[in-house]
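Trainee: Dropping the structure in here first, questions after.
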Amino acid sequence: MSAETADLRGIIKKNTSKLEHIHASLGGVYEEELPLVGKSNRSALMVSGLLENYYTCLETTFLRISRFFENSLVPDRWHSDLLEKMTISIEGVRIAAVSDENYPRLLELLKFRHFRRYYFELEYDWDRLEFLTKKLNEAHPVVVADLDRFDRFLASL
């Protein structure tokens with residue numbers, strides 16, 4: 001196994017651990033903080049921040065995979081282009097890093113991350129936050145399984 005492959009595997013494992021931690025922290029907010037402080041703007045900032053951090057960590061992993069396999073990205077829409085490319089298996093090069101079933105969930109998180117990063121909203125719609133939390137809870141086990149499958153692929157190179 002090349003040093004570059006071992007490096008990418010290490011990054012995937014490290015970021016998967018971070019994703020697990022962020023997901024658990026989000027669950028903790030719903031189980032511990034929200035019952036104490038309620039659905040306020042401050043608690044919404046906690047939830048929205050964790051949703052943003054989760055997707056950012058995952059996107060960083062995807063970017064490293066993309067660079068490793070020299071995938072080109074469309075500059076003016078590279079975030080969505082990157083997510084789309086992670087669903088593609090490239091014969092003789094690499095398998096998909098994102099399963100088709102998880103793509104729509106991750107796209108919702110990407111859209112929210114973009115919104116939160118560029119519009120600096122301080123009042124959040126709790127229905128939307130709960131929808132996104134549901135999407136993350138559905139996506140997370142599939143993300144972990146997809147990244148584990150991709151890691152096994154890398155190990156076979």
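Trainee: Using 0.36 nm times the number of residues separating Asp7 and Glu84, minus their current alpha carbon distance, what extension gain do you get?
Mentor: So the chain would gain 25.4 nm between Asp7 and Glu84.
Trainee: Tell me, what ³J(HN,Hα) does each residue in the range 141-151 have, in order and in whole Hz, if you take phi through Karplus 6.51 cos²θ - 1.76 cosθ + 1.60 with θ = phi - 60° and put x for Gly and Pro?
Mentor: Each residue of the range 141-151 in turn: x, 6, 4, 4, 5, 5, 5, 5, 4, 5, 4 Hz.
Trainee: For every helix of n ≥ 4 consecutive DSSP H residues, a contribution of -39,500 (n - 2.57) applies; sum these over the chain, divide by its total residues, and give [θ] at 222 nm rounded to the nearest 500 deg cm²/dmol.
Mentor: Using -39500 (n - 2.57) per qualifying helix, the result is -25000 deg cm²/dmol.
Trainee: Would you kindly state how much longer the chain becomes between Asn41 and Glu138 on full extension, computed as 0.36 nm times their sequence separation minus their alpha carbon distance, in nm to one decimal? Display every interim value, and only then the final one.
Mentor: On the way: separation 97, 0.36 × 97 = 34.92 nm, distance 2.47 nm.
Net length gain for the segment: 32.5 nm.
Trainee: What pairs in Lys39/Lys135; Lys14/Lys39; Lys13/Lys39 have C-alpha atoms more than 23 Å from each other?
Mentor: As for pairs spanning more than 23 Å Cα to Cα, those are Lys14/Lys39; Lys13/Lys39.
Trainee: Turning to a different aspect of this structure: Computed over the Cα atoms, what is the radius of gyration of the range 47-127 divided by 2.2 N^0.38 Å, N being its residue count?
Mentor: Details: Rg = 13.8 Å, N = 81, 2.2 N^0.38 = 11.7 Å.
For the range 47-127, the normalised Cα radius of gyration is 1.18.
Trainee: Mind checking the angle between helix 41-68 and the chain's longest principal axis? C-alpha axes, 0 to 90 degrees, to the nearest 10.
Mentor: 10
Trainee: Obtain the radius of gyration and the Kirkwood radius of the chain from its C-alpha atoms and give Rg over Rh.
Mentor: Reported Rg/Rh, Kirkwood definition of Rh: 1.00.
Trainee: A follow-up question, please. Using the Cα centre of the chain as origin and beta-carbon charges of +1 (Lys, Arg) and -1 (Asp, Glu), tell me which of Met46, Val29, Leu147 is placed farthest towards the positive end of the dipole.
Mentor: Leu147
Trainee: Then there is this: Could you give each residue of the range 78-92 its phi-based ³J(HN,Hα) in whole Hz, using Karplus coefficients 6.51, -1.76, 1.60 with θ = phi - 60°, and x for Gly or Pro?
Mentor: Working through the residues one at a time gives 5, 5, 6, 4, 4, 4, 4, 5, 6, 8, 9, 8, 10, 3, x Hz.
Where a number appears in this text, it was derived from the coordinates with a stated rule and is not lab data. It should be emphasised that the depicted structure is a prediction, and the values quoted were computed from it without experimental measurement. Neighbour counts are summed over all protein chains in view; Cβ atoms, including those assigned to glycine, are modelled from backbone coordinates with ideal geometry.
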